[in-house]
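The values are calculated or read from the model by the stated rules, or taken from the named source; none is laboratory data. Quantities reported herein were computed from a predicted structural model and do not represent experimental measurements. Cβ atoms come from the backbone with ideal geometry, glycine included; neighbour counts cover every protein chain shown. Note: areas computed on protein heavy atoms with side chains; ligands, DNA, RNA excluded. Shrake-Rupley method; radii C 1.70, N 1.55, O 1.52, S 1.80 Å.
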Amino acid sequence: MEGNFIFVSNKIMIEKEIENGLNILNNSYKLNEINCGQFSNLQIQNIAYNIKQYEIVGVGNLLLMESKDSPVLQMLSFVITPYYKNLPLFSSDCLFIGEKRNFLVEYYDLVREKDSLYNAYLNKLQAIKDKYEDLPDMKLKECWYDSLKTVCIAKKTLIAHDDIMLSIFNENLHTFIEAERETDILSKSEKKAKLQITRDYVNKLVDIGGVSTNVFKNCMGAESTKKFFNEVFFGTEKF
């Protein structure tokens, strides 16, 4: 009975974060769902993942990848890859294995330069992180892309922390939108440069590897992983 309660609680948490995220974005932007084709459903290490991709009009790519019904790992990745403005990649992950729960919000500086507005935005994100410093930290494996992560919230949580986790997610997403609204649109050449920085990061992620990327590579192979990442997960081929 307890195991079923935990499973259902994990599923509800994932559904709430998806609902909150889409509602917050829909209040500020137009979302156009993109057909993921062969990548709508993936089977990785006996875990079934459902994938949805959206164009956030005027912002970039939104990826939702979840395995909320899996008895092995209940997971959600909520990733915004911006292309039109000088903003970092926004990534949020819930990883639940029964009672073991990890929650992350990460920002990757896929930008050519950090101006004063960008740095002010990072300070606001750091303030959100500091606000929740009492929650126990989740230890992350070191990786080559760590230097790109200016702000990273990685926490071990309990079911009792669900409302706090949603608050962290909501505050970060609202702050991202606030920064997007205040930031000027990139020129054609600047947008092209940002796209190239993002594409280089994505390809390097597959070529060199990463903690979760290696799982994809081992199951799908490097070329299929690269195709999935560029077409769907980060959407570099769509923007």
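Of the residues screened, Leu76 is one that is within 24 Å of Gly221 (Cα to Cα) and either under 15 Å from the mean Cα position of the chain (by Cα) or among the aliphatic types (A, V, I, L, M) (or both). Taking the criterion of being within 15 Å of the chain's Cα centre (by Cα) and either closer than 21 Å to Asn50 by Cβ or crowded, with 16+ Cβ neighbours inside 10 Å (or both), the residues of segment 193-227 that qualify are Thr198, Tyr201, Val202, Leu205, Gly210, Ser212, Thr213. Whether any residue in segment 106-119 is touching a residue at least 40 places away in the same chain (Cβ under 8 Å), within 24 Å of Ile44 (Cα to Cα), in a strand (DSSP E or B) and open to solvent by less than 60 Å² (accessible area, probe 1.4 Å) is what I want to check. Checked segment 106-119: at least one residue is touching a residue at least 40 places away in the same chain (Cβ under 8 Å), within 24 Å of Ile44 (Cα to Cα), in a strand (DSSP E or B) and open to solvent by less than 60 Å² (accessible area, probe 1.4 Å).
When segment 9-30 is examined, which residues are found to be hydrophobic (A, V, I, L, M, F, W, C) and either surrounded by 14 or more Cβ atoms within 10 Å (Cβ to Cβ) or at pLDDT below 95 (or both)? First the steps, then the outcome.
Of segment 9-30, the ones hydrophobic (A, V, I, L, M, F, W, C) are 12-14, 18, 22, 24-25.
The answer is Met13, Ile14, Ile18, Leu22, Ile24, Leu25.
Listed conditions (1) modelled with pLDDT of 95 or more; (2) surrounded by 14 or more Cβ atoms within 10 Å (Cβ to Cβ); (3) within 19 Å of the chain's Cα centre (by Cα) are all met by Glu190, apart from (3).
Quick one: which residue in Glu182, Glu178 is over 23 Å from Phe96 (Cα atoms), over 18 Å from the mean Cα position of the chain (by Cα) and open to solvent by 60 Å² or more (accessible area, probe 1.4 Å)? Show your work before the answer.
Working: Glu178 fails: over 18 Å from the mean Cα position of the chain (by Cα).
None of the other options fit; the residue is Glu182.
Within segment 40-56, residues that are on the phi < 0 side of the Ramachandran plot and of a type in the set (Gly, Ala, Ser) sit with their Cβ atoms under 7 Å from residues that are modelled with pLDDT of 95 or more and not in a strand (DSSP E or B), at 6+ positions apart or across chains, in these pairs: Ala48/Ser67; Ala48/Ser70.
Taking the residues in segment 63-86 that are over 21 Å from Val211 (Cα atoms) and touching a Phe, Trp or Tyr at 6+ places or on another chain (Cβ under 8 Å) as candidates, determine which candidate is surrounded by the fewest Cβ atoms within 10 Å (Cβ to Cβ). Outline the logic, then answer.
Initially, segment 63-86 is screened for residues over 21 Å from Val211 (Cα atoms), giving 69, 71, 82-86.
Next, from what is left, pick out any that are touching a Phe, Trp or Tyr at 6+ places or on another chain (Cβ under 8 Å): 71, 82-83, 86.
On the way: Pro71: 12, Pro82: 25, Tyr83: 23, Asn86: 21.
So, considering only residues that are over 21 Å from Val211 (Cα atoms) and touching a Phe, Trp or Tyr at 6+ places or on another chain (Cβ under 8 Å), the one surrounded by the fewest Cβ atoms within 10 Å (Cβ to Cβ) is Pro71.
Please pick out the residue among Leu42, Leu89 that is closer than 30 Å to Gln196 by Cβ, in contact with a Cys (Cβ under 9 Å, 6 or more places away or on another chain), aliphatic (A, V, I, L, M) and crowded, with 19+ Cβ neighbours inside 10 Å. Don't jump to the end; show me each part of the working.
Working: Leu89 fails: in contact with a Cys (Cβ under 9 Å, 6 or more places away or on another chain).
From the options Leu42, Leu89, the qualifying one is Leu42.
Among the conditions (1) in contact with a helix residue (DSSP H, G or I) (Cβ under 8 Å, 6 or more places away or on another chain); (2) more than 18 Å from Ser167 (Cα to Cα); (3) surrounded by fewer than 21 Cβ atoms within 10 Å (Cβ to Cβ), Leu135 misses just one, which is (2).
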